[in-house]
1. Evaluate the following for residue 26: is it farther than 20 Å from residue 80 by Cβ and either β-branched (Val, Ile, Thr) or at pLDDT 95 or above (or both)?
2. Got a sec? Which of 146, 216 is closer than 20 Å to residue 115 by Cβ, surrounded by fewer than 18 Cβ atoms within 10 Å (Cβ to Cβ) and touching a helix residue (DSSP H, G or I) at 6+ places or on another chain (Cβ under 8 Å)?
3. List the pairs whose first member sits in the range 76-91 and is aromatic (Phe, Trp, Tyr), whose second member is more than 9 Å from the ligand (Cβ to nearest atom) and part of a helix (DSSP H, G or I), and whose Cβ atoms are under 7 Å apart, counting only residues at least 6 apart or on separate chains?
4. May I ask you to verify whether residue 174 is under 21 Å from residue 11 (Cβ atoms), in a helix (DSSP H, G or I) and within 16 Å of the ligand (Cβ to nearest atom)?
5. Here is a list of conditions, (1) within 30 Å of residue 102 (Cβ to Cβ); (2) at pLDDT 95 or above; (3) in contact with a Ser or Thr (Cβ under 6 Å, 6 or more places away or on another chain); (4) surrounded by fewer than 18 Cβ atoms within 10 Å (Cβ to Cβ), and residue 155 meets all of them except one; can you say which number that is?
Amino acid sequence: VSVLRPSGTRVAILGAGRVGSALGRVMVDGGYEVSVAASGDPAGLELIASIVMPGVTPRWAAEAAADADLVVLAIPLHRFATLDPALVAGKIVIDNMNYWAPTDGVQSLFEDSALSSSEIVQRHLPAATVVKTFNHIGYHELEEDRRLVGAHDRRALGVAGDDPSAVQLVAAVVDRLGYDPVTFDTLRAGRTFEPGGPVFGVSLGRHELGRAVRARAVA
Ligand SMILES: NC(=O)c1ccc[n+]([C@@H]2O[C@H](COP(=O)([O-])OP(=O)(O)OC[C@H]3O[C@@H](n4cnc5c(N)ncnc54)[C@H](OP(=O)(O)O)[C@@H]3O)[C@@H](O)[C@H]2O)c1
């Protein structure tokens, strides 16, 4: 994958809802080759995709993922169990999902676990390399909060994963899309990006975000 040449990088977004379409728009704007899939036939997505995410190609999930250099999970966690792990085997997977019982319902897989939600996602996708990011920014902010490198009010996004090269690759995507990536070298660190954590839904610069995450990690 060359993150320096986004036009050569294929991104599959699984989930065509609020987040999937917002990410589709910013990824196309960033120059990536983007496909999107919902749970069923892509024919049902063609009209809406042409209107809300022009340039994004609707595909079957299996086909989009098979061809992708990078797969983004933008599906509700209560639907996560419907995802076939074989679809993303060998792929770098961005986990943008949150567990939030008021909308997901109580999910025994995620409720009261000592693990972060992304660690649970990684366990269910053992042949994929999971990196957590984008989960702590609202879909409606994804486009408007983007800034050029060096802007004084450039927002930071945490990028957490156990595989250093996957973290660096995803961080470069985050940067290209208009955010300062702040990297963490464990998926577990992504727990601090979850709902109720210190950076969830809060616009922070990179120093503030790094401090907030480290303070929680030692607390
Ligand atoms: N909303 C936000 O601001 C926000 C911000 C950050 C993170 N998140 C997280 O992002 C995730 C998605 O949220 P959302 O608000 O975008 O949800 P949403 O609007 O309800 O959209 C969910 C999408 O996922 C698709 N989907 C479900 N199961 C699938 C599968 N197995 N394969 C492919 N696609 C599947 C659905 O397709 P069908 O209609 O065909 O089932 C639908 O297109 C959630 O985990 C949420 O916590 C949300």
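1. Values: farther than 20 Å from residue 80 by Cβ: yes; either β-branched (Val, Ile, Thr) or at pLDDT 95 or above (or both): yes.
The answer is yes for residue 26.
2. Working: 146 fails: closer than 20 Å to residue 115 by Cβ.
Exactly one of 146, 216 is closer than 20 Å to residue 115 by Cβ, surrounded by fewer than 18 Cβ atoms within 10 Å (Cβ to Cβ) and touching a helix residue (DSSP H, G or I) at 6+ places or on another chain (Cβ under 8 Å), namely 216.
3. Partner pairs satisfying both residue conditions: 80/121.
4. yes
5. Going through (1) within 30 Å of residue 102 (Cβ to Cβ); (2) at pLDDT 95 or above; (3) in contact with a Ser or Thr (Cβ under 6 Å, 6 or more places away or on another chain); (4) surrounded by fewer than 18 Cβ atoms within 10 Å (Cβ to Cβ) one by one, residue 155 breaks only (4).
One line per residue, one yes/no per condition, for (1) more than 17 Å from residue 41 (Cα to Cα); (2) at pLDDT 95 or above:
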| site | (1), (2) |
| --- | --- |
| 52 | yes, yes |
| 56 | no, yes |
| 64 | no, yes |
| 67 | yes, yes |
| 76 | yes, yes |
| 80 | yes, no |
| 88 | yes, yes |
| 91 | yes, yes |
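The values are calculated or read from the model by the stated rules, or taken from the named source; none is laboratory data. This is a predicted model, so every value here is computed, not measured. Cβ: placed from backbone, ideal geometry, glycine included. Neighbour counts: every protein chain shown.
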